[in-house]
C-alpha cells in the first residue's frame, strides 16, 4: 500500500511538473523549407526566427511565458506545407505560425489556417490580390517593391523591360500588374520583353518568360535578353525564385552582360542569396526591399551584431560562418515582435483577439525602420532601392518612408 501511495505521489508530482512546464511556455510554429529548391532562401528564415525567440525569451518571454518553437520542414513541396500546417494546428496546438516563402506554399496552407481560425505571419514579398482574415502579411506588397523599382528605372531613362520569373503565382501575377503599369506609363507592348500570352478574346493573361522551379539551363534566355538589350535603354525585371537564380546569374556573368549594358532588378534576391552567387560579376544590378544590411542606423547595427553573436552558440544545424541579414529575415523578425505586442495588447494568446489587436494598428521599431500593422493585414514600412556591390551588400540609392501596403493593384492602372 505504501509503495502504491509513493508511486501515486510520484506520478502526481511528474504530472504537476509537466503541467507547470506547459503553463510556462507558449508554442509557436516555424513552417519553412529546410530541404529542396527553396532551402537556399528559407533556412535563413528558420534561423532568424530561432534567434528572435531566444532574444525575447532572454528578456522575459511573452506575458511571462517562454516561446517554445515547433519547427517543421515544408520541403519545397506545396502539399507537404499543408500537411505540416495541419500538424502544427491540430497536434502541436501552436498559438501562431511564422512561415512560407513562395505564394504557392501560402495558397496551400491558407485554407488550413482559416479552418482552425489560427494565425500565420507571412514574411516574403508577394503579388498581392489576397487578404485572408487569418494571415498577416509582413511581406512587401507590389507597391512596396515592384512598383518603386520600376519607377526608379523609368526615372533613370529605361524604356524597355524584359520580364522573367519562375512559373507560379507570384511572378505571373506581379508581372501582369507590371505589364499594366508599364503601359499606363507609356511603354509600348513591343518594349515589354519575354513574351505575351492572350486568351480567346485577345486579353493578355500572361506577360514574360517563365521557367520551372529548379530550372538550370538559362543559355537561350540570356541570349534572348542580350538581343533585347542590344539597342540600349533596356533592363530586366527578375522574379525567379530559389536556387535557379544561381544558374541564371552564372549564365549572365558568363555571357559578359553587365549592369551597364542592361541592369537587372531582382525581387527575390537579397544579401542572403548573394552568398551563393558570383557577386563580383554582378556589381551594379539592383534590388528593392524594405531592409538592407547596409542601413546605417543604430537599430540595424545592434540587430546585426546581436545576430552574429547568437550564431556563435546557435543550435546544431544552423550555419555559423559567413552569415548576413536580409529583408525576408527582418520581416520575419518584425512579425514575431508584432505578434508579441499584439498578444500583450490583447492580454491573451487567442488568435482571434490577437488578430483584432493587429488590425487596430501596432508599431514596432525594427532594423529597417518603424513597421505598423494595418487594418487590411498588411504593413506600413520604409522602402529602399539598392545597387549590388562586389562584397554582396547593397549601396542604398533611394528610400521612401512609411509606404502603405496595398495588396489590390491588378486592373487599376488601365482604367
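So is residue 313 surrounded by 20 or more Cβ atoms within 10 Å (Cβ to Cβ) and within 25 Å of residue 275 (Cβ to Cβ) or not? Don't jump to the end; show me each part of the working.
Values: surrounded by 20 or more Cβ atoms within 10 Å (Cβ to Cβ): no; within 25 Å of residue 275 (Cβ to Cβ): yes.
No: the conditions fail for residue 313.
Looking at this structure, is residue 324 under 14 Å from residue 48 (Cβ atoms) and either at pLDDT 95 or above or not in a loop (DSSP other than H, G, I, E, B) (or both)? Walk me through how you get there before you give the answer.
Details: under 14 Å from residue 48 (Cβ atoms): yes; either at pLDDT 95 or above or not in a loop (DSSP other than H, G, I, E, B) (or both): yes.
Yes: the conditions hold for residue 324.
So which residues in the stretch 219-245 are surrounded by fewer than 16 Cβ atoms within 10 Å (Cβ to Cβ) and within 21 Å of residue 386 (Cα to Cα), if there are any at all?
Residue satisfying the conditions is 233 alone.
If residue 104 satisfies every condition in (1) surrounded by 18 or more Cβ atoms within 10 Å (Cβ to Cβ); (2) within 17 Å of the chain's Cα centre (by Cα) but one, which is the exception?
(1)
Every residue, every condition in (1) at pLDDT 90 or above; (2) more than 21 Å from the chain's Cα centre (by Cα), yes or no:
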{"position": "5", "(1), (2)": "no, yes"}
{"position": "26", "(1), (2)": "yes, yes"}
{"position": "39", "(1), (2)": "yes, no"}
{"position": "56", "(1), (2)": "yes, yes"}
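Residues in the stretch 330-348: is at least one surrounded by fewer than 20 Cβ atoms within 10 Å (Cβ to Cβ), in the same structural domain as residue 301 (by TED's automatic domain parsing) and in a loop (DSSP other than H, G, I, E, B)?
Taking every residue of the stretch 330-348 in turn, at least one turns out to be surrounded by fewer than 20 Cβ atoms within 10 Å (Cβ to Cβ), in the same structural domain as residue 301 (by TED's automatic domain parsing) and in a loop (DSSP other than H, G, I, E, B).
I'd like to verify a number: residues in the stretch 130-171 that are in a loop (DSSP other than H, G, I, E, B) and either modelled with pLDDT of 95 or more or touching a strand residue (DSSP E or B) at 6+ places or on another chain (Cβ under 6 Å) (or both), how many?
Of the stretch 130-171, the ones in a loop (DSSP other than H, G, I, E, B) are 130-134, 138-141, 145, 156-159, 167-168.
In the following step, the residues that additionally are either modelled with pLDDT of 95 or more or touching a strand residue (DSSP E or B) at 6+ places or on another chain (Cβ under 6 Å) (or both) were identified as 130-134, 138-141, 145, 156-159, 167.
Total meeting the criteria: 15.
Of the residues 64, 74, which single one is at pLDDT 95 or above and either touching a strand residue (DSSP E or B) at 6+ places or on another chain (Cβ under 8 Å) or under 30 Å from residue 214 (Cβ atoms) (or both)?
Details: 64 fails: either touching a strand residue (DSSP E or B) at 6+ places or on another chain (Cβ under 8 Å) or under 30 Å from residue 214 (Cβ atoms) (or both).
After applying the criteria, what remains is 74.
So is residue 361 in contact with a strand residue (DSSP E or B) (Cβ under 9 Å, 6 or more places away or on another chain) and surrounded by 23 or more Cβ atoms within 10 Å (Cβ to Cβ) or not? It would help to see each step written out before you state the result.
Numbers: in contact with a strand residue (DSSP E or B) (Cβ under 9 Å, 6 or more places away or on another chain): yes; surrounded by 23 or more Cβ atoms within 10 Å (Cβ to Cβ): no.
Judged against the criteria, residue 361 is not a match.
Taking the condition of being assigned to a strand (DSSP E or B) and closer than 21 Å to residue 293 by Cβ, how many residues in the stretch 27-58 meet it? Explain how you work it out, then say what you get.
First pass over the stretch 27-58, keeping only residues assigned to a strand (DSSP E or B): 27-32.
So of that shortlist, the ones also closer than 21 Å to residue 293 by Cβ come out as 32.
The qualifying residues number 1.
Within the stretch 98-116, is even one residue more than 30 Å from residue 181 (Cβ to Cβ), in contact with a helix residue (DSSP H, G or I) (Cβ under 6 Å, 6 or more places away or on another chain), outside the structural domain of residue 289 (by TED's automatic domain parsing) and assigned to a loop (DSSP other than H, G, I, E, B)?
yes
The values are calculated or read from the model by the stated rules, or taken from the named source; none is laboratory data. Here the structure is a predicted model, which means the values were calculated and not measured. Glycine also receives a Cβ, built like all others from the backbone with ideal geometry; neighbour counts cover every protein chain displayed.
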